[in-house]
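These notes are about the structure you will find just below.
The values are calculated or read from the model by the stated rules, or taken from the named source; none is laboratory data. The structure presented is a predicted model; accordingly, all values stated were derived computationally and were not measured. Positions of Cβ are backbone-derived with ideal geometry, glycine not excepted, and every protein chain shown enters the neighbour counts. For accessibility, only protein heavy atoms count, side chains too; no ligands or nucleic acids. Shrake-Rupley method; radii C 1.70, N 1.55, O 1.52, S 1.80 Å.
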Amino acid sequence: MKAELGDLTVVYTAEQIAVRVRELARRISDDYRDWTLHAVCVLENGFVFMADLVRAIEVPVVCHFLKPETRQRTHGAEIFYGEVSVQGQHVLLVEGVVKSGITQEFLIRNLLARGALSVKLATLLDKQADRRVALEADYWGYAIGASYVLGYGLGSPLLGRNLPYVAAKAPAAASG
């Protein structure tokens, strides 16, 4: 499989990720000590992070899953996804990586419009340099600058998501 993925450089080991996820879960548990938390995972990049995070959170958690899909229209893109019932609930939106922030901003506004009491954003990786909207994650594991990462649930539709660590693809060698 490594040959199919190309040269990889480990950015965060499985052990580093596990420690950071436990730290985030402890903070989230403290913040929601007296509440049931509704965790909404954005598929596909968030599924491994969500699984580890909710197992480490020490308050009751209800899990939901959304799979945004972008459909190109003449006036831009529209985002559609499944139904999530969050009226009167505290919501944690869980992402594997936040880049531009456009999808997350849309989802936060939509969840609030559906009657959520609060919506906070948790992401394993935060690519702030790619941000196109004013959005800050409430809980984030690591700020990254690598252009393309995979592993720990992140990757191309077919390969790389099963790696237990986060890796960056090595830049292509210049031919001379």
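A few remarks follow.
- Residues located in the stretch 1-38, provided they are part of a helix (DSSP H, G or I) and hydroxyl-bearing (Ser, Thr, Tyr): SER29
- Within the stretch 34-70, being β-branched (Val, Ile, Thr) and open to solvent by 50 Å² or more (accessible area, probe 1.4 Å) holds for THR36, VAL62, THR70.
- Test: residue in the stretch 143-165 that is assigned to a loop (DSSP other than H, G, I, E, B), open to solvent by less than 90 Å² (accessible area, probe 1.4 Å), modelled with pLDDT of 95 or more and among the aromatic types (Phe, Trp, Tyr): yes
- Residues that are modelled with pLDDT of 85 or more, open to solvent by less than 80 Å² (accessible area, probe 1.4 Å) and aliphatic (A, V, I, L, M) are absent from the stretch 76-83 altogether.
- Just one of the numbered conditions (1) surrounded by fewer than 15 Cβ atoms within 10 Å (Cβ to Cβ); (2) of a type in the set (D, E, K, R); (3) more than 15 Å from the chain's Cα centre (by Cα) is not true of GLU136: (3).
- Test: residue in the stretch 98-118 that is modelled with pLDDT of 90 or more and exposed (fewer than 11 other Cβ atoms within 10 Å of the Cβ): yes
- Positions within the stretch 108-142 being part of a helix (DSSP H, G or I), over 24 Å from GLU83 (Cα atoms) and small (Gly, Ala, Ser), in sequence order: ALA129
- Checklist (1) under 25 Å from GLN87 (Cβ atoms); (2) part of a helix (DSSP H, G or I) applied to CYS41, failing item: (2)
- If you filter the stretch 6-20 down to residues that are surrounded by 18 or more Cβ atoms within 10 Å (Cβ to Cβ) and touching a Lys or Arg at 6+ places or on another chain (Cβ under 9 Å), you find that the one that is farthest from GLY160 (Cα to Cα) is TYR12.
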